[in-house]
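Peer 1: Have a look at this one.
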Amino acid sequence: MDAAGRFENKVAFVTGAARGQGRAEAVQFAREGADIIAIDACIDFASTAYPGATEEDLAETVRLVETTGRRIVATTADVRDFDALSRALADGVDRLGRLDVVVANAGICSGALSWEITLEQWRETVDVNLTGVFHTAKAAVPYLIEQGEGGAVVFTSSVSGLKGTPFTGHYVATKHGITGLAKTMANELGEHRIRVNTVHPAGVETGMKVSDLHPLIAKYATTLGPIYMNSLPYEILQPEDVAAVVAWVCSDEAKYITGAQIPVDLGNLIR
């Protein structure tokens, strides 16, 4: 099938859709024929050094999706708030008629030595990156089961969901956590033909630099270089690079793939 029609008459739900990978995923699925349910908190987080997405960012995602000719239901909602997330999803399903793809993408990152992570950093990172993914799956999976036509779920993990990246222990813990959750859910949902996978990008150009997370990353760049190095001669991914892989793994071309960890890592994980 032509990629332009892989998701015709389907609906994709994307969290963290106001910018970065989430926006790229919403636009990618729309270009391939899907209507979109999108949410984003559109706030600044207390524990992160970079600005959060804005309502204007989410409006731009809406504009970009609509230029493809597809419909989009976009709501400002925080993945930490299960009731708000559930209402936004229910409204989207009511208006668009179904649900086929779930991309739990929303996430944050900050830096510190593991024993110096503040309680606020730990709680906020776990609440957004791990509990937020659980909330997304908990709200969405019953629709897929009831619909009875299978479906695809993708959790955005990271190379840090497969290795111990220094100075981001709280982030690493959450990304490992959602990797494990996806494996369990893949086992549980297989009988319903619902596939659950994780994608594991290396650095992505979203405005946040790894070197900004903690000064020790620059200080120990020489000794820790192999932890951050890519084997391919590229420094960073674009959001669209990840979105293309997410769309593929959600398509019928990957219908036999579930419980997998899909690296989009420029060879970062090769050891």
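The values are calculated or read from the model by the stated rules, or taken from the named source; none is laboratory data. Here the structure is a predicted model, which is why all the values come from computation and not from measurement. Because the Cβ atoms are built from the backbone with ideal geometry, glycine has one as well, and the counts that use them run over all protein chains shown.
Peer 1: Taking the stated definitions as given, is Glu8 in a loop (DSSP other than H, G, I, E, B) and surrounded by fewer than 16 Cβ atoms within 10 Å (Cβ to Cβ)?
Peer 2: So Glu8 fits the description; yes.
Peer 1: Please find, within the range 133-144, the residue that is surrounded by the fewest Cβ atoms within 10 Å (Cβ to Cβ) out of those that are touching a Leu at 6+ places or on another chain (Cβ under 8 Å) and not small (Gly, Ala, Ser). Spell out the reasoning first.
Peer 2: Initially, the range 133-144 is screened for residues touching a Leu at 6+ places or on another chain (Cβ under 8 Å), giving 133-137, 139-141, 143-144.
If we keep only those that are not small (Gly, Ala, Ser) as well, we get 133-136, 141, 143-144.
Details: Val133: 27, Phe134: 17, His135: 23, Thr136: 27, Val141: 20, Tyr143: 19, Leu144: 23.
The residue in question is Phe134.
Peer 1: In the range 228-250, which residues are over 15 Å from the mean Cα position of the chain (by Cα) and crowded, with 18+ Cβ neighbours inside 10 Å?
Peer 2: First pass over the range 228-250, keeping only residues over 15 Å from the mean Cα position of the chain (by Cα): 228-236.
Of everything in the range 228-250, just one residue is over 15 Å from the mean Cα position of the chain (by Cα) and crowded, with 18+ Cβ neighbours inside 10 Å, namely Asn230.
Peer 1: I need the full set of residues from the range 106-125 which are touching a residue at least 24 places away in the same chain (Cβ under 8 Å), assigned to a helix (DSSP H, G or I) and closer than 16 Å to Thr48 by Cβ, in order please. Walk me through it before giving the result.
Peer 2: Narrowing the range 106-125 to residues touching a residue at least 24 places away in the same chain (Cβ under 8 Å): 106-114, 117-118, 120-122, 124-125.
Subsequent filtering for residues that are assigned to a helix (DSSP H, G or I) retains 114, 120-122, 124-125.
Within the range 106-125, Glu120, Gln121, Trp122, Glu124, Thr125 meet the criteria.
Peer 1: Of all residues being small (Gly, Ala, Ser) and farther than 20 Å from Cys109 by Cβ in the range 46-80, which is surrounded by the fewest Cβ atoms within 10 Å (Cβ to Cβ)? Just the residue, please. Spell out how you get there, then give the answer.
Peer 2: Residues of the range 46-80 that are small (Gly, Ala, Ser), as a first pass: 46-47, 49, 52-53, 59, 69, 74, 77.
When the remaining residues are screened for being farther than 20 Å from Cys109 by Cβ, the result is 59, 69, 74, 77.
Values: Ala59: 13, Gly69: 9, Ala74: 22, Ala77: 22.
So, considering only residues that are small (Gly, Ala, Ser) and farther than 20 Å from Cys109 by Cβ, the one surrounded by the fewest Cβ atoms within 10 Å (Cβ to Cβ) is Gly69.
Peer 1: Which residue out of Val103, Val133, Val128 is in contact (Cβ under 8 Å) with a residue 24 or more places away in the chain, out of contact with any Pro (no Cβ under 6 Å at 6 or more places or on another chain), within 25 Å of Ser251 (Cα to Cα) and part of a helix (DSSP H, G or I)?
Peer 2: Result: Val133 is the single residue among Val103, Val133, Val128 that is in contact (Cβ under 8 Å) with a residue 24 or more places away in the chain, out of contact with any Pro (no Cβ under 6 Å at 6 or more places or on another chain), within 25 Å of Ser251 (Cα to Cα) and part of a helix (DSSP H, G or I).
Peer 1: Contact list please: Cβ distance under 7 Å, first residue in the range 252-269 and within 26 Å of Asn9 (Cβ to Cβ) and modelled with pLDDT of 95 or more, second residue of a type outside the set (A, V, I, L, M, F, W, C) and in a helix (DSSP H, G or I), pairs at least six apart or on different chains.
Peer 2: So the pair list comes out as Thr258/Gly190.
Peer 1: Hey, does the range 81-91 have a residue that's touching a residue at least 40 places away in the same chain (Cβ under 8 Å), surrounded by 20 or more Cβ atoms within 10 Å (Cβ to Cβ) and not in a helix (DSSP H, G or I)?
Peer 2: Checked the range 81-91: no residue is touching a residue at least 40 places away in the same chain (Cβ under 8 Å), surrounded by 20 or more Cβ atoms within 10 Å (Cβ to Cβ) and not in a helix (DSSP H, G or I).
Peer 1: Still on this model: Inside the range 46-80, can you point out the residues that are of a type in the set (Asp, Glu) and assigned to a helix (DSSP H, G or I)? Show your work before the answer.
Peer 2: Keep residues of the range 46-80 that are of a type in the set (Asp, Glu), which gives 55-57, 60, 66, 78.
Correct list: Glu55, Glu56, Asp57, Glu60, Glu66.
Peer 1: Does Arg98 fit the bill of being modelled with pLDDT of 95 or more and surrounded by fewer than 16 Cβ atoms within 10 Å (Cβ to Cβ)?
Peer 2: yes
Peer 1: Report, by residue number, each residue of the range 153-177 that is surrounded by fewer than 24 Cβ atoms within 10 Å (Cβ to Cβ), farther than 16 Å from Val246 by Cα, of a type in the set (Val, Ile, Thr) and touching a residue at least 60 places away in the same chain (Cβ under 8 Å).
Peer 2: Thr165
Peer 1: Still on this structure, please answer the following. Report yes if some residue within the range 163-171 is part of a helix (DSSP H, G or I), within 30 Å of Ile72 (Cα to Cα), out of contact with any Pro (no Cβ under 8 Å at 6 or more places or on another chain) and of a type outside the set (Val, Ile, Thr); otherwise report no.
Peer 2: So in the range 163-171, the residues part of a helix (DSSP H, G or I) come out as 169-171.
Next, from what is left, pick out any that are within 30 Å of Ile72 (Cα to Cα): none.
No; the residues of the range 163-171 include none that is part of a helix (DSSP H, G or I), within 30 Å of Ile72 (Cα to Cα), out of contact with any Pro (no Cβ under 8 Å at 6 or more places or on another chain) and of a type outside the set (Val, Ile, Thr).
Peer 1: Let me ask another. Mind counting the residues in the range 108-147 that are under 14 Å from Leu189 (Cα atoms) and within 17 Å of the chain's Cα centre (by Cα)?
Peer 2: 4
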